[in-house]
Amino acid sequence: MNEVSLYIEDSDLDIILQAFHLDKLESDIRRFYSGFPDFIIKRKRIRDQEVIKANFQFHTFIFELFGQKQAVDQQNAYLHMVIEDHLIKQNPALKKEVIRLKQEGMNTEACFCKLLGLEGDPFEQLLLYGKKTGIIG
């Protein structure tokens, strides 16, 4: 499989999780990762879904664990990556522009929206674009 990487120096490694028992996930994350540098864990609601988000550093890598009850392949974070991967494979020149914008401080979804001329919440707009164009169902 041809891999599309939008990695820059400050990028984190996103790990998307499905968890039916968020209390247990939170407890496990604290037990396994709370000793790592820059450990932060938050529990909040995003788009009416309860989620757990944890960040920490391991050696030179910054990790972000993101868990919710929804199946991974139905989570917005995953769908964003599917859309972004498709767009770059269709137009490889986008990759260089996305990386440039990320280096200027924009998040990945906002970069794609800017390049596609989409306005509004980049997380929502990218999903709408993916559905409208048939990239995702």
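The values are calculated or read from the model by the stated rules, or taken from the named source; none is laboratory data. Being a predicted model, the structure only gives us computed values, none of them experimental. Glycine also receives a Cβ, built like all others from the backbone with ideal geometry; neighbour counts cover every protein chain displayed.
A few points about this structure:
- Residue in the stretch 56-63 that is touching a strand residue (DSSP E or B) at 6+ places or on another chain (Cβ under 7 Å) and within 20 Å of Ala19 (Cβ to Cβ) present: yes
- Verdict on Glu109 being more than 29 Å from Gly137 (Cα to Cα) and in the same structural domain as Glu124 (by TED's automatic domain parsing): no
- Residue that is modelled with the highest pLDDT, among those in the stretch 73-111 that are surrounded by fewer than 15 Cβ atoms within 10 Å (Cβ to Cβ) and aliphatic (A, V, I, L, M): Val82
- Among residues of the stretch 9-22, those that are assigned to a loop (DSSP other than H, G, I, E, B) and closer than 18 Å to Ala77 by Cα, counted: 3
- If only residues of the stretch 127-137 that are touching a Leu at 6+ places or on another chain (Cβ under 7 Å) and in a helix (DSSP H, G or I) are counted, the one that is surrounded by the most Cβ atoms within 10 Å (Cβ to Cβ) is Gly130.
- Residue count for the stretch 10-34 satisfying the condition of being within 30 Å of Val98 (Cα to Cα) and without any contact (Cβ under 8 Å) to a residue 60 or more places away in the chain: 6.
- Subset of the stretch 23-50 that is of a type in the set (Ser, Thr, Tyr) and part of a helix (DSSP H, G or I) - its residue that is surrounded by the most Cβ atoms within 10 Å (Cβ to Cβ): Tyr33
- Residues of the stretch 82-124 that are small (Gly, Ala, Ser) and assigned to a helix (DSSP H, G or I): Ala93, Ala110.
- Every residue from the stretch 89-137 that is over 27 Å from Gln18 (Cα atoms), touching a residue at least 40 places away in the same chain (Cβ under 8 Å) and among the hydrophobic types (A, V, I, L, M, F, W, C): Val98, Ile99
- Qualifying residue in the stretch 18-33 (condition: modelled with pLDDT of 95 or more, among the aromatic types (Phe, Trp, Tyr) and in contact with a strand residue (DSSP E or B) (Cβ under 8 Å, 6 or more places away or on another chain)): yes
- Verdict on Gly67 being at pLDDT 95 or above, out of contact with any Phe, Trp or Tyr (no Cβ under 8 Å at 6 or more places or on another chain) and assigned to a loop (DSSP other than H, G, I, E, B): no
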